[in-house]
Amino acid sequence: MSSKSQAAQTGQALWSKMPKANAELFALTYGSLVTELVRDYEDPIEVNAQLDRIGHSIGVRCVDELLSKADVNGMGMATQCQSLRDTAEVVAKVGFKMFLGIQAEVGGFSQDQRSFSIYLQDNPLSTFVELPPGDEQSGGDDLRKLKYSNLYCGVIRGALEQVNLKVECSIVRDTLRGDELNEIRVELKEVLADGAGDDYKEE
């Protein structure tokens with residue numbers, strides 16, 4: 001069985017065992033969080049950074065839950081993650097499926113196999129969302145610079161840091177901006193020494 005199909009089956013199996021939250025309530029709650037951050041910080045660039053930071057804190061905990069539930073159900077991840085490509089498949093097809101009920105796709109690997117893209121046709125965070133048009137004269141508070149779903153980047157970064165992979169993530173395509181799908185670009189920067197990331201240790 002290929003790592004892609006194995007990851008998809010694992011994701012579906014774990015999703016079936018997860019407690020379910022109301023999708024509309026989830027989307028509205030996240031929308032309230034983003035709205036509050038916009039009010040507090042005003043500058044969309046800082047809001048993006050705060051969403052990434054919050055996501056990072058979530059990610060370092062999500063990976064623990066994913067690994068423990070996979071082990072309990074006899075679906076050990078260690079055998080599935082022998083390369084960055086395998087890890088990307090687990091993030092997309094197990095992580096996104098287990099926690100959000102959506103299955104992402106992986107592609108766009110760089111020639112050196114150190115960066116890839118995660119593609120989302122459906123984005124539960126952006127349900128009911130329509131961003132206001134930006135004002136070219138507004139400067140720092142131009143909402144065209146807001147990356148509404150930047151939480152994902154922090155979650156991926158935090159989760160992979162816990163398995164000793166330091167990555168940088170960015171949203172490069174967004175359906176809220178008129179793109180046909182959502183694309184998150186992930187680039188491996190460093191393989192860390194064994195042990196939890198510094199942020200996790202401090203918390």
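The values are calculated or read from the model by the stated rules, or taken from the named source; none is laboratory data. Source: prediction; values computed, not measured. FYI the Cβ positions are ideal-geometry reconstructions off the backbone, even for glycines, and counts take in every protein chain you see. Ligands, DNA and RNA are excluded from the accessible area calculation, which covers all protein heavy atoms including side chains. Shrake-Rupley method; radii C 1.70, N 1.55, O 1.52, S 1.80 Å.
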(Q) Given a 1.4 angstrom probe, what's the average accessible area per residue across region 83-189, in square angstrom? (A) 45
Q: Please go through region 88-130 and write out the trypsin sites (Lys or Arg not before Pro) that DSSP classes as loop and that have at most 15 other C-beta atoms within 10 Å.
A: R114
